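Okay, so here's the structure we're looking at.
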Amino acid sequence: MSSSSSTGRWRGSVLPAALLGAAAFLSGCVVAPPPPPARVVVREPAAYVPVEPPPPQVEVIGVAPVVGHVWVGGAWFWEGGRYVWRPGHWAAPPRPGYVWVPHRWDRGPGGWRFHEGHWAAR
């Protein structure tokens with residue numbers, strides 16, 4: 001009977017110790033979200049649009065949600081044979097000292113050409 005009682009005591013002391021060890025081991029694990037996918041930008045050859053873009057829409061710019069964020073203004077984009085307005089948004093500069101250069105349309109000999117906004121060093 002002493003062997004069965006010693007086996008019971010052994011099981012009773014090892015199981016809690018094993019659970020405690022597993023909990024300590026797993027508590028060091030960090031579950032982090034995967035990094036965002038890489039953004040691939042495909043630049044198409046410069047194309048001219050024969051129709052002048054509409055005037056920019058009036059946007060209400062509130063307070064930045066985070067200190068250091070910069071307002072990236074909306075703009076008219078040429079999509080599917082017509083102008084489509086894409087509203088502005090707040091964005092963090094990619095590095096300290098960078099500023100947002102706004103989107104713009106320039107008139108040329110072949111019509112209107114779009115220059116997409118971008119971040120640039122000061």
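The values are calculated or read from the model by the stated rules, or taken from the named source; none is laboratory data. On a predicted model such as this, the values are computed, not experimentally measured, just so you know. All Cβ positions, even for glycine, are placed from backbone atoms using ideal geometry, and neighbour counts span all protein chains on display. Just so you know, the surface numbers come from the protein's heavy atoms only, side chains and all, with ligands and any DNA or RNA stripped out. Shrake-Rupley method; radii C 1.70, N 1.55, O 1.52, S 1.80 Å.
Please verify whether residue 99 is on the phi < 0 side of the Ramachandran plot, loosely packed, with under 10 Cβ neighbours inside 10 Å and at pLDDT 95 or above, treating the condition exactly as stated.
The answer is no for residue 99.
What's the total number of residues in the range 68-93 that are open to solvent by 80 Å² or more (accessible area, probe 1.4 Å), farther than 15 Å from residue 55 by Cα, assigned to a loop (DSSP other than H, G, I, E, B) and modelled with pLDDT of 95 or more?
Number satisfying all stated conditions: 0.
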